[in-house]
Amino acid sequence: MAKNAIVSEEMVKKFATEKDSPYTRWVRNEGLDIISALYVPNLHTVELKPWPRREGHGVFINHEASRTTNDCYVCEIAAGKKLAPQRQLFEDMIFILDGRGSTAVWNDAGQRITFEWKAGAMFAIPLNTWHQHFNGSGREPARFVAVTNAPPIINLYEDIDFVFNTRYDFKNRFAGEPDYFSNKNEQKGFLLETNFVADAVNLPLFSAKERGAGGGHTRFNLAKGSMNCHMSQFPVGTYKKAHAHGPGAHVITLSGQGYTLMWPENEEPRRYDWHIGTMIVPPSGWFHQHFNTGTTPSRYLAFKYEGVALRNSQGVPKAWISKRLGGDQIDYADESPLVRSLFAESLAKHGLKPRMDEAYQAELAELPPKTN
């Protein structure tokens, strides 16, 4: 059994100043909290505080395991209001949780475009462009969740004025193209290069048998950014293969209900139940496995730092490769018996049964041999 590596308070004090950083000091100066959690039950209802500089309300969600790679925040725009304009030298990927509205984007060259969005939309802000979000309803607030690479940028420069007030147009990222935020679909394998997805909840996905159980999968590159995201869906009565990867993947449930098992290697799995709006952030190196226990397909969106995808020499993420081949994905044939029994018990509570036999058999036909 792995240990938690807990040390004495005396030793903790010797490293206390290193736990703080320019990034965490910036969040404090913004007047906001950081929820240091790997599980947030509901992003739609998570408590927010006034965010004076942005003229909205917000909270940061970022546990220590990913705080040096990327972060997450939830922001709300009051009915009939707008956020203050902002530009920044870090990337910003956004998913609309509630409401409807619009966003204006412009650069120093004076090129400006505006696009509309509603709940379920996904987009990214081009690097260092001015942008402003508007609530299109006079009666209901609008709320979104965003993942950025602010921590390494703020920690690198340690100059907030430079990060938020540098005049420079990255023309390769945005040059005022009128159709920049149109709903384009440029597919390259699993990858979809686009800057705007109008309805992520119902977007058709590509088949991904490598993840098991007949699931669908699409990867995105938004606004030509260095961060990326992916979306996965799996049918009723099924579950995904367990896998592990690096830090900073923020997994948001878009549809369905179920649970996730997460565990450090050689420890017992820990269960986290989810439904629409739940977010799970697997710590670096932890195995995690998603289970659909509802009556509809389950879909999730994972915003992440590219470094999370540890790859082999061929460029394939190790989280997609069997542990039998040196990867970080556990084949169904090698999972703990507890996985299947717990899944069957969870489904039975809803009057359902597992639909995994076909997936088990399909895997056996291509299962690599064990090396030991």
Could you derive backbone 3J(HN,Hα) for the range 131-147 from the dihedral phi with the Karplus parameters 6.51, -1.76 and 1.60 (θ = phi - 60°), listing whole Hz in sequence and x where the residue is Gly or Pro? 8, 8, 9, 10, 7, x, 10, x, 10, 10, x, 10, 9, 9, 10, 9, 10
Could you tell me which residue out of TYR272, TYR259, GLN233 lies farthest along the dipole of the range 191-304 toward its positive end? Charges go on the beta carbon: Lys and Arg +1, Asp and Glu -1, centred on the Cα centre. GLN233
Accessible surface of the chain, 1.4 Å probe, proportion on carbon and sulfur as whole %: 52 percent
Only Cα pairs within less than 10 Å get springs; with that Gaussian network setup on the chain, which residue of GLN88, GLN233, GLN187 has the largest fluctuation? GLN187
Using amide H atoms built 1.01 Å from N in the peptide plane, name the residues 5+ places from ARG311, or on other chains, whose amide H lies under 5 Å from its own. LYS318
Over 19 Å between alpha carbons, listed pairs LYS118/LYS188; LYS240/LYS318; LYS82/LYS224: LYS118/LYS188; LYS82/LYS224
Measure off 7 Å from each Cα along the Cα-to-Cβ vector at SER137 and THR45, then give the distance between these two points in nanometres to one decimal. 1.7 nm
Note on the range 225-271: alpha-carbon gyration tensor, axes a ≥ b ≥ c; rule is a/c under 1.5 for rounded, else prolate if a/b larger than b/c, else oblate; result oblate
Considering amide H positions built from the backbone, and no H for Pro or chain starts, which residues 5 or more places from ASN195, or on another chain, come under 5 Å of its amide H? LYS184, ALA223
Which ³J(HN,Hα) values in Hz, rounded to whole numbers, follow from the phi angles of the range 167-179 under the Karplus curve 6.51 cos²θ - 1.76 cosθ + 1.60, where θ = phi - 60° and Gly and Pro get x? 7, 6, 9, 7, 5, 6, 8, 7, 10, x, 4, x, 9
About its Cα centre, how strong a charge dipole does the range 50-144 have in debye, to the nearest 20, once Lys and Arg get +1 and Asp and Glu get -1 at the Cβ? 300 debye
Mind ordering 214-224, 325-335 by average Cβ neighbours within 10 Å, highest first? 214-224, 325-335
At 0.36 nm per residue, and after removing the present C-alpha to C-alpha distance, how many nm does the segment from ASP108 to HIS275 gain when stretched out fully? 55.9 nm
Tell me which GluC sites (Glu not before Pro) from the range 202-304 have a DSSP coil assignment and no more than 15 other beta carbons within 10 Å of their own. GLU265, GLU267
Hey, rough spin-label estimate for LYS370 and ASP161, points 7 angstrom out along Cα→Cβ, what's it come to in nanometres? 6.4 nm
Starting from the Cα-Cα distance between GLN314 and ASP20, subtract it from 0.36 nm times their residue separation and give me the gain in nm to one decimal. 102.1 nm
Round to the nearest 0.05 the FRET efficiency obtained for SER207 and ALA79 when R0 = 35 Å and r is the Cβ-Cβ distance. 0.25
Karplus-derived HN-Hα couplings along the range 356-370 (A = 6.51, B = -1.76, C = 1.60, θ = phi - 60°), whole Hz, x at Gly and Pro: 10, 4, 5, 5, 4, 5, 4, 5, 4, 5, 10, 5, x, x, 6
Between the alpha-carbon centers of the range 106-138 and the range 17-91, tell me the distance in whole angstrom. 19 Å
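The values are calculated or read from the model by the stated rules, or taken from the named source; none is laboratory data. All values reported here derive from a predicted model rather than from experimental measurement. Neighbour counts run over all protein chains shown; Cβ positions are idealised from the backbone, glycine included. Each accessible area value is taken on the protein alone, full model and side chains, heavy atoms only, with ligands, DNA and RNA left out. Shrake-Rupley method; radii C 1.70, N 1.55, O 1.52, S 1.80 Å.
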